[in-house]
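K.L.:
One structure follows; several queries about it will come next.
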Amino acid sequence: MLRLSLVNPLRTTYKRCLAGQSLQANVADSEYSAEPAYPEIQNPSFKARKQRDASEWHEQIRKVPTVEEKLIKINMPRYYGYKVVDFNDSKIPYNALPLTQHYTRTVLEDLPQATGSGSGSQAVKEEGDKPSEDADFKAVREDVIEALEFAHDYYKHLEKLTNGGQPSAVEQERMLTQIIVEQLNRAVLQALSEQHKHLDEVEVDYNPRHEAFWAVGGVDPPKNVRNSKKGREWQKEDANQSVDRLVQYTGAPYLSLRHRKQLLPWKTPAESEDIELSKQVPRFKHDPRTLGYSTKHQHATNVPGYWPKGNEQNFGLLSFQSRAHFQLRPKSFGERDLQEALHSLAIKSSYAWLLAQANYNGFNTYNELTYPMNTQTVITNGREWSFYEYQLNTLLLHGNHQDDNPRVNFCRGTKPLPLYAEIATNGKCVDFNDATLRQLLNFYANVPSIQRTNEELQPYVASDISAYENTEQRDFIAKTFKYLASNRPRHLEIPEFYMWEKIYKIDNNNRAMEPKRRFFEREVNPWRRTLDQHDKVYVPRAIRGKSRENRYKKTYYP
């Protein structure tokens, strides 16, 4: 006996046939097509599936509408943060230049020496500027010398007022250089702002917070990862394959200047996309701890010295980095390693600052830049000055991009140039170097002239949290973003096992009768805990009423 559910379709079909409708045409329109459409053939291997999952996650990050939610999305897989290589501006091990170039995909070149106080690194001078160049330079020169003499005099005054112990040599140099950089910046801005109107619009940050997070591929796996894969039959072949290492940079320059427009790039797109040149970038496949770098656990943070949408000055013009910690560097390393250490500091500080700025425009280490970004960096101890220019062309450094990405970043710089020899006992500057001052003035006079539309500037940013109508959603995203950026630890520390537990419970099962209450006994991996796995905030009944449905505040994770 036929069921009623089968009889009804038969009746409908019979009526259509009686009405003269073509059953075959109807079936052809709904189920068949002229050309066969087969699903894409995918590699079912474990490695291919992991790559597809990573690509899907990167695409999800790109589609997140706001800048704050993108950073939250990157931190979603780890509640306690990632294990990152600690990059900072106060530690540069011996022979660190190849690793720095590999971790930033940077080609190093020499910066041409300045010949005049013209329009920056382009060394382009208009004919009408030549007669007034000498007069302007002399006026700036006198102000800079006066600022140097005042800085040294003020530092001596501070030394007399210190009641505590004598600061270390590193702290003394840092204090003196901070005063010199601030006074020189004040003098140069006052002297050049009338002729160069872009200096009236710069935003000056004192000791700003610069942080950046990115992933680097092409690194040999650590010993524990290699042994873990060798212990699995289906992963033995991939035990020695390269892995990605996560990097977190933290720094605080003496001073930085920002502008609402971008600097002109000094490399063309054709020069930036050269697969043969990318293969010449040094590769450092060893674990970074072999050089002396350390690792730590923290959330991914990208802070270029200001908050998103804080103001219009969103592009770096110039930053002044410290080299005070070089006093702790052994003299046995030699002059060549000292020069390479300066290059390393300039490369990673410039790359990190530009990467953090790119994050505020919607890009990150998993979503590529659509236009180049430039900045200028000065490394100084007050007396010796090193000048660098950096052009950021690519952010894709993870996975196979180390071999397949044709883009490279560029950095060009000078050797340390003395600004003056010393300050005499009478407080006067001795042997002032005009060439060093001209190079510094060229950096200040480099006019940022690129201004992009919002669609071109932020192609992956579709909205802003201020546009959300839901007040709770705005507050939740802002609070979560700032909590992650604060680098505060969790209120409960990450679980750990003690040494006696490793001996008597993990390595040797000698306490079989003891209740299994610890996390490793219950097969709980705390590192797999995601950012949204936590207790929700309870809403009191006085606020929510008698309803039991909304007892906890809603979360708005991307």
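K.L.:
How tilted is helix 46-63 with respect to the longest principal axis of the chain? Cα atoms for both, answer in degrees (0 to 90, nearest 10).
P.N.:
Relative to the chain, helix 46-63 is tipped by roughly 70 degrees.
K.L.:
Ok, one more. In this model, which of 50/230; 160/331; 50/229; 309/482; 223/296 are farther than 20 Å apart at the alpha-carbon?
P.N.:
Numbers: 50/230 18 Å; 160/331 31 Å; 50/229 15 Å; 309/482 14 Å; 223/296 17 Å.
Beyond 20 Å between Cα atoms: 160/331.
K.L.:
Using a 1.4 angstrom probe on heavy atoms only, work out the carbon and sulfur share of the accessible area of the range 453-530 in %.
P.N.:
50 percent
K.L.:
Among the GluC sites (Glu not before Pro) in the range 160-211, which ones are in a DSSP loop with at most 14 other Cβ atoms within 10 Å of the Cβ? Mind listing them? Let's see the in-between values first.
P.N.:
Numbers: sites: 171, 173, 182, 194, 201, 203, 211; in loops: 194.
Of the GluC sites (Glu not before Pro), the ones in loops of the range 160-211 whose Cβ has at most 14 other Cβ atoms within 10 Å are 194.
K.L.:
I would also like to ask the following. Counting other Cβ atoms within 10 Å, which trypsin sites (Lys or Arg not before Pro) in the range 481-528 have at most 13 and lie in a DSSP loop?
P.N.:
When the trypsin sites (Lys or Arg not before Pro) of the range 481-528 are filtered for loop state and at most 13 Cβ neighbours within 10 Å, 490, 511, 516, 517, 522 remain.
K.L.:
May I pose another question? Using the alpha-carbon centroid of each, what span in Å lies between the range 27-99 and the range 259-297?
P.N.:
21 Å
K.L.:
Here's a follow-up. Size of the dipole of the chain about the Cα centre, Lys and Arg at +1 and Asp and Glu at -1 on the beta carbon, nothing else charged, in debye to 20?
P.N.:
Charge dipole, the chain, about its Cα centre: 3700 debye, nearest 20.
K.L.:
Using the basic label-point model (7 angstrom from Cα toward the beta carbon), what is the residue 503 to residue 421 distance in nanometres?
P.N.:
6.7 nm
K.L.:
Where Lys and Arg each count +1 and Asp and Glu each count -1, what net charge lies around residue 83 among other residues with Cβ under 10 Å from its Cβ?
P.N.:
+3
K.L.:
Moving on to the next point. Working from Cα positions, state the angle (0 to 90°, nearest 10) between the long axis of helix 130-161 and the longest principal axis of the chain.
P.N.:
The angle comes out near 90 degrees.
K.L.:
After finding the eigenvalues of the alpha carbon gyration tensor for the chain, what semi-axes result from the square roots of 5 times each, listed largest first in whole Å? Please list the in-between numbers first.
P.N.:
Values: eigenvalues 559, 210, 135 Å².
Equivalent ellipsoid of the chain: 53, 32, 26 Å, largest first.
K.L.:
If you don't mind, another one. Considering only DSSP states other than H, G, I, E and B, which trypsin sites (Lys or Arg not before Pro) in the range 203-279 qualify as loop sites with at most 13 other Cβ atoms within 10 Å?
P.N.:
Sites meeting the loop and neighbour criteria: 232.
K.L.:
Describe numerically, in nm with one decimal, the distance between label points set 7 Å from Cα along Cα→Cβ at residue 328 and at residue 189.
P.N.:
It works out to 3.1 nm between the two label points.
K.L.:
Around residue 516, what is the net charge, scoring Lys/Arg as +1 and Asp/Glu as -1 over all other residues with Cβ under 10 Å from its Cβ?
P.N.:
Values: positive: 505, 511, 517, 518, 522; negative: 514, 521, 523.
Combined, the nearby Lys, Arg, Asp and Glu give +2.
K.L.:
Return, ordered by residue number, the residues of the range 383-424 whose backbone nitrogen is under 11 Å from a label point located 7 Å along Cα→Cβ of residue 451.
P.N.:
None, by backbone N distance to the label point.
K.L.:
Once both axes come from the Cα atoms, what is the angle between helix 334-359 and the longest principal axis of the chain, in degrees from 0 to 90, rounded to 10?
P.N.:
50 degrees
K.L.:
Evaluate E = 1/(1 + (r/R0)^6) for residue 95 and residue 287, where r is the Cβ-Cβ distance and R0 equals 25 Å; express this FRET efficiency to the nearest 0.05. The partial results should precede the final answer.
P.N.:
Numbers: r = 14 Å, r/R0 = 0.57.
Once the sixth-power term is evaluated, E becomes 0.95.
K.L.:
Residues with beta-carbon under 13 Å from that of residue 335, excluding residue 335: net charge, scoring Lys, Arg +1 and Asp, Glu -1? The partial results should precede the final answer.
P.N.:
Values: positive: 329, 331, 336, 415; negative: 337, 340, 384.
It works out to a net charge of +1.
K.L.:
Determine by what factor the alpha-carbon radius of gyration of the range 405-558 differs from 2.2 N^0.38 Å, reporting the quotient. Please list the in-between numbers first.
P.N.:
Numbers: Rg = 29.8 Å, N = 154, 2.2 N^0.38 = 14.9 Å.
With N residues counted in the range 405-558, Rg over 2.2 N^0.38 Å equals 1.99.
K.L.:
With each label point set 7 Å from Cα along the Cα-Cβ vector, what nm distance links residue 34 and residue 517?
P.N.:
For residue 34 paired with residue 517, the spin-label model returns 7.4 nm.
K.L.:
Treating only the Cβ atoms of Lys and Arg (+1) and Asp and Glu (-1) as charged, compute the dipole magnitude of the range 287-441 about its Cα centre; round to the nearest 20 debye.
P.N.:
Its charge dipole is roughly 320 debye.
The values are calculated or read from the model by the stated rules, or taken from the named source; none is laboratory data. No experiment lies behind these values; they were computed from the predicted model shown. Note: ideal-geometry Cβ built from the backbone for every residue, glycine included; neighbour counts use all protein chains shown. Just so you know, the surface numbers come from the protein's heavy atoms only, side chains and all, with ligands and any DNA or RNA stripped out. Shrake-Rupley method; radii C 1.70, N 1.55, O 1.52, S 1.80 Å.
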